[in-house]
Every structure is written in C-alpha cells, then in structure tokens.
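Structure first, then comments.
The values are calculated or read from the model by the stated rules, or taken from the named source; none is laboratory data. What you see is a predicted model; the values in this text were computed from it and never measured. Methodologically, a virtual Cβ is constructed for each residue, glycine included, from the backbone with ideal geometry; neighbour enumeration extends over all protein chains shown. To get the accessible areas, we keep the full protein, side chains included, count just its heavy atoms, and leave off ligands, DNA and RNA. Shrake-Rupley method; radii C 1.70, N 1.55, O 1.52, S 1.80 Å.
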Amino acid sequence: MWPRLVANKILRKRLGSNNFVADFPCNKEIPSLDRPSLSPNSIFSHHKDTHNYRIFVSTWNVGGVAPPEDLDIEDLLDTGNTSCEIYVLGFQEIVPLSASNVLGSENSKVSMKWNSLIRRALNNKKKPHCLDKIQHSNEERNKNIPGQDFRCIISKQMVGILITVWVRSYLCPYIRYPSVSCIGCGIMGCLGNKGSVSVRFRLHETSFCFVCSHLASGGRQGDEKLRNANVSEIFSRTSFPRGPSLDLPRKILDHDRVIFLGDLNYRISLPESNVRLLVDERDWKSLLENDQLRMELMNGQFEGWNEGSIQFAPTYKYRPNSDVYYGCFHQSKKGEKKRAPAWCDRIIWYGKGLKQHEYDRGEENFSDHRPVKAIFTAEVG
C-alpha cells in the first residue's frame with residue numbers, strides 16, 4: 001500500500017478515469033448526445049428559447065452499508081408528489097473503507113445496485129407524477145408525449161463517492177459533452193476516501209456542474225479549516241476538457257449553474273451538551289448561528305454561494321436503524337465517543353439562474369446519516 005500511496009502523492013495522481021457509466025454504448029462520450037439528430041429549424045429554435053427545468057438533488061452518506069433489498073427509494077425521490085426533469089443523486093461511503101478501495105479500486109456492484117433502485121423508482125409507471133407543485137414554462141411537460149421515461153446520462157464512482165444523473169429521455173438530444181473529474185483529498189492529501197466527483201454537461205446552451213464531495217471529518221476546534229482546504233483544493237484541481245470547439249468551461253466555477261452537495265462534515269461550534277440541549281428544544285435558529293458552514297458562507301470563504309433555509313433537524317450522527325442520536329447520555333456506552341449532532345449533509349449552489357423551492361431531509365434510517373434533498377428550477381437558454 002505505502003509505495004503506491006507515496007507515488008500517488010508525488011505525482012498528484014487524479015483518482016479515477018474519465019470514463020463513466022451511462023445508458024449509451026460509449027462511456028467516454030455519448031454520440032447520440034453530442035450529435036443530436038435534429039432538423040435545422042429545431043436546432044435554431046431551441047437556442048432562442050428560455051426553458052425552466054426542475055432539478056431534484058440529494059446527498060446521502062450511507063455509512064458503508066449496501067442498500068437493503070426492500071429499500072423504497074421513491075420516498076426519498078418523492079416521485080408521487082413532485083415531478084422533475086433532472087435527478088442528481090450523490091452518495092458517500094457506499095463501500096466500507098479499506099486499504100484496497102482507498103487506493104482506487106471500486107466495488108461497482110454496489111453502485112449498480114443503487115442505480116437499479118433509482119431506475120426502478122423513477123420509471124415506476126404505477127405512481128402518477130404530480131406536475132402541479134411547481135409552475136413550468138415548457139409546453140412539453142403538459143403533454144402526454146413519449147420520452148417521459150428517465151435515462152442515466154452519467155454515473156461515476158470514486159472509492160465510496162458516487163454521483164448519478166438521470167434525465168427525461170426527451171431531453172437527451174439537447175445534452176452534450178458530459179464529462180467527469182475526480183479529486184482525492186484523503187490520506188496524505190491525495191487518496192479517495194475523501195474528495196469529490198464532479199460531473200458536467202451542457203443542456204441546450206447552458207453548462208451545468210454538479211460536485212459530489214466528502215470533506216474532512218472531525219469535531220475538534222479548527223477542523224473546519226481542513227474542510228475549507230479540501231474545498232479550495234477541489235476548486236483548484238478539478239478540470240474538464242474544453243471540448244472540440246475549445247469553448248467549454250474547464251473549472252467548476254466557470255459553469256453557468258453549479259450545485260455542490262455532499263457530506264461536507266461542517267459541525268456546530270458549541271459544547272456538546274449545549275448542542276444536544278438545543279436539539280431537544282428544536283431551537284434550529286440558535287444552532288445555525290453557530291453552524292460552521294453558515295459562518296463560512298457569511299465570512300466569504302464561499303463567496304457567491306447560497307444555501308436555502310434549514311428547517312429540519314441535524315442529519316448526523318444517528319444510531320443506525322433508529323431515531324436516536326449517537327452518544328446520547330442515556331444511550332452511550334462506556335468509552336464510546338460522543339459525537340454531537342450536526343448538519344453534515346448539505347446542498348449549496350453558485351451563480352444565477354437557479355431558484356430553490358424545497359430543502360428538506362429524508363427519514364431513511366439504515367445509515368448514521370439522514371439524506372438531504374432539494375428541488376431547484378434552473379433557467380436554461
């Protein structure tokens with residue numbers, strides 16, 4: 001392990017290849033997406049239009065546990081109440097940490113299982129999709145037309161981090177230049193137990209970038225600086241190809257619409273006993289005033305970034321398969337670390353053209369984290 005680790009450190013090797021999984025013959029690029037078969041009239045007309053597409057985004061640290069066979073992910077996706085055109089799901093710790101997978105080997109069987117659950121939930125014809133929750137400007141949403149099924153355009157895993165992107169099939173001809181970039185920020189600053197998997201594509205003439213990350217852990221004073229350093233490294237090291245016309249953005253913040261999601265691991269800067277008391281009282285306002293990520297957003301560490309209003313309980317750390325926070329005084333065991341509850345799992349966005357409609361958590365409980373989800377409307381030209 002160690003010779004490879006040192007070599008990775010010296011060479012600053014980027015973990016993961018540029019290949020990704022998709023519902024198309026080629027993983028490196030998608031010919032049917034890069035070269036859509038459209039008439040000249042449709043090519044010119046769709047450039048002139050402004051569309052408003054709904055995007056569902058979620059993040060979930062699943063604690064190294066494979067999804068149970070009976071997991072109903074439709075509850076997380078909320079497909080019975082909300083219908084979106086794009087679904088972006090990010091996961092962390094989809095495989096247990098080990099010496100082999102931290103060096104880059106991946107258990108694709110687990111990611112395949114997650115994608116199979118997502119496909120089944122999104123394409124469940126038995127549940128009617130509600131189209132009235134958020135207003136739309138696109139005519140095709142109100143028509144019973146072919147192409148309402150979902151297809152995976154990008155699915156990429158780096159060690160325990162997985163991001164998977166699904167779109168309605170009628171949008172596929174308008175999506176071009178999908179690509180991925182993996183950055184390891186873990187052990188020795190380069191391994192994939194922490195870091196990010198970023199994906200990008202162009203929809204019509206608008207570029208999107210989604211960054212799924214797992215930042216440095218730790219609840220001690222000053223650990224937030226490690227997380228800040230991870231973010232800076234992700235922004236500086238992530239790079240995408242410029243495309244055949246050399247006009248595509250290479251860096252994360254150069255894209256038109258950017259969403260950053262994941263187990264960001266920011267904690268609450270209060271004594272543990274105070275945090276637990278305020279959680280019991282559901283005093284989210286007092287807790288959020290001391291939330292490290294909120295403070296970083298206000299202090300300029302994330303200049304230009306936005307986060308919606310948090311009206312839900314901290315998502316970490318629970319005893320798996322329960323609604324009890326880990327380390328509660330009446331539940332703690334001798335010698336057990338008492339990790340204070342925190343909003344580790346977050347979704348933030350950058351730039352104009354995105355409007356958030358919902359920001360909430362799910363209640364799936366087999367992990368020590370609760371999932372977090374958001375719904376956006378994206379303006380697309």
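Side notes on the structure shown:
- Condition met for Ser217 (in contact with a strand residue (DSSP E or B) (Cβ under 7 Å, 6 or more places away or on another chain) and hydroxyl-bearing (Ser, Thr, Tyr)): no
- Neighbours by Cβ (under 6 Å, 6+ apart or cross-chain): first from segment 270-283, farther than 15 Å from Gln221 by Cα; second assigned to a helix (DSSP H, G or I): Leu278/Ser286; Leu278/Leu287
- Unmet criterion (only one of (1) open to solvent by less than 30 Å² (accessible area, probe 1.4 Å); (2) more than 30 Å from Pro178 (Cβ to Cβ); (3) part of a loop (DSSP other than H, G, I, E, B)) for Arg276: (3)
Quick grid of which residues meet (1) hydroxyl-bearing (Ser, Thr, Tyr); (2) in contact with a Pro (Cβ under 9 Å, 6 or more places away or on another chain):
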residue: Glu205; (1), (2): no, no
residue: Ser217; (1), (2): yes, no
residue: Glu224; (1), (2): no, no
residue: Arg227; (1), (2): no, no
residue: Phe240; (1), (2): no, yes
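- Number of positions in segment 346-373 that are in a strand (DSSP E or B) and in contact with a helix residue (DSSP H, G or I) (Cβ under 9 Å, 6 or more places away or on another chain): 4
- Selection status of Arg176, open to solvent by 20 Å² or more (accessible area, probe 1.4 Å), touching a residue at least 12 places away in the same chain (Cβ under 8 Å) and of a type in the set (D, E, K, R): yes
- In segment 204-229, the residues that are closer than 30 Å to Val380 by Cβ and open to solvent by less than 30 Å² (accessible area, probe 1.4 Å): His204, Thr206, Ser207, Phe208, Cys209, Phe210, Val211, Cys212, Ser213, His214, Leu215
- Hey, Asp256 at pLDDT 95 or above, within 18 Å of the chain's Cα centre (by Cα) and open to solvent by 20 Å² or more (accessible area, probe 1.4 Å) or not: yes
- Some residue of segment 283-304 being at pLDDT 95 or above, crowded, with 16+ Cβ neighbours inside 10 Å and in a loop (DSSP other than H, G, I, E, B): no
- Residue within segment 52-65 that is modelled with pLDDT of 50 or more, open to solvent by 40 Å² or more (accessible area, probe 1.4 Å) and either over 19 Å from the mean Cα position of the chain (by Cα) or closer than 29 Å to His369 by Cβ (or both) present: yes
- Lone unmet requirement of (1) modelled with pLDDT of 95 or more; (2) surrounded by fewer than 18 Cβ atoms within 10 Å (Cβ to Cβ); (3) under 30 Å from Ile175 (Cβ atoms) for Gly381: (1)
- Selection of first residues in segment 54-66 that are of a type in the set (Val, Ile, Thr) and of second residues that are surrounded by fewer than 17 Cβ atoms within 10 Å (Cβ to Cβ), restricted to Cβ pairs under 8 Å at least 6 apart or on distinct chains, gives the following pairs, ordered by first then second residue: Val62/Phe366; Val65/Pro320; Val65/Phe366.
- Per-region count, segment 230-253, residues touching a residue at least 60 places away in the same chain (Cβ under 8 Å) and open to solvent by 20 Å² or more (accessible area, probe 1.4 Å): 4
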